[in-house]
1. Just to compare against my own numbers: the Cα pair-distance distribution for the chain, 10 Å bins, whole % per bin, please.
2. Once a ≥ b ≥ c are taken as the square roots of the eigenvalues of the Cα gyration tensor of segment 133-178, is the result rounded (a/c under 1.5), prolate (a/b larger than b/c) or oblate (a/b not larger than b/c)?
3. Nearest-5 percent of antiparallel DSSP beta bridges in the chain?
4. Scan the chain and note any complete DSSP helix (H) whose C-alpha atoms cover at least 15 Å along its axis and whose Kyte-Doolittle average is -0.5 or more.
5. Among rounded, prolate and oblate, which fits segment 56-168 when a ≥ b ≥ c are the square roots of the eigenvalues of its C-alpha gyration tensor, a/c under 1.5 means rounded, and a/b larger than b/c means prolate?
6. Per Stokes-Einstein, at 37 °C and 0.692 mPa s, what whole-number D in µm² s⁻¹ belongs to segment 10-113, with the Kirkwood radius over Cα pairs as the hydrodynamic radius?
7. How would you rank 106-118, 9-21, 74-86, highest first, on the average number of other Cβ atoms within 10 Å across their residues?
8. Identify the residues of segment 84-100 with backbone N under 20 Å of a label point that sits 7 angstrom from the Cα of LYS159 along the Cα-to-Cβ direction, or state none.
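Values in this text are rule-based calculations from the coordinates and carry no lab data. Because the structure is predicted, anything quoted here is derived from the model rather than measured. Counting neighbours? That spans all protein chains shown, and the Cβs are built from the backbone with ideal geometry, glycine included.
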Amino acid sequence: MTGTKAQNIAFVLGLSETGLGAIRSLGRNGIKVIGLDFRKDTGFYSKYSECFLCPHPIKQSESFLQFIIELSRKYCLKPVLFLTSDDFVHSISRMRDELSCHFLFTIPSSEVIESIVNKRLQYEKAQSIGIPIPLTFYPQSLEEVKEIQDTLTYPVFIKGCFSYLWKDHFDTIKGFLINNAPACPPKGC
């Protein structure tokens, strides 16, 4: 009689379309999948996973850490983490030491993660190694936007430096196309 070999399960963190793709790929290959996200996204409805709402990995980092560690203890082998959104990549990178004894995962150094998650650092890195990017500005206030608006060549595209923060305000909208400088009201522009 042949015994069955224990198999690590997969924790897919982030259940948007990317997470759903990971769930399907793993599930179709016979791997048990646990899906986690802080909002009920597309992957929650996959037949290939058991999904749970979890605390926000950045805004509620301590609660998230406790939650995911407690969930990992239900399995005899360390679960393998699959990170499919910036929220989770950023958080797991910062918690790597606490999580390494409970999970299997491979992620680049914190410095590399930061340069990927922070679009400003990503663009600056690209420029520093000779990759051309569109003329890019990083205004920090409405006043700074007003200072540059007349120097821009329209249309322009506005997006956030941190997609996980942007998504909190604009959900699935990746950015805004602006076709021309707004007309200034007569008083107090």
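1. Result, from short to long distances: 8, 28, 28, 18, 11, 4, 1, 0, 0 percent.
2. Verdict is prolate for segment 133-178.
3. So the antiparallel bridges in the chain amount to around 20 percent.
4. Details: long enough: 17-28 (16 Å, -0.11); 61-72 (16 Å, 0.78).
Span-like helices in the chain: 17-28, 61-72.
5. Prolate.
6. Rounded to a whole number, D works out at 243 µm²/s.
7. Numbers: 106-118: 13.7, 9-21: 22.2, 74-86: 17.5.
For the peptides 106-118, 9-21, 74-86, the packing ranking is 9-21, 74-86, 106-118.
8. 84-91
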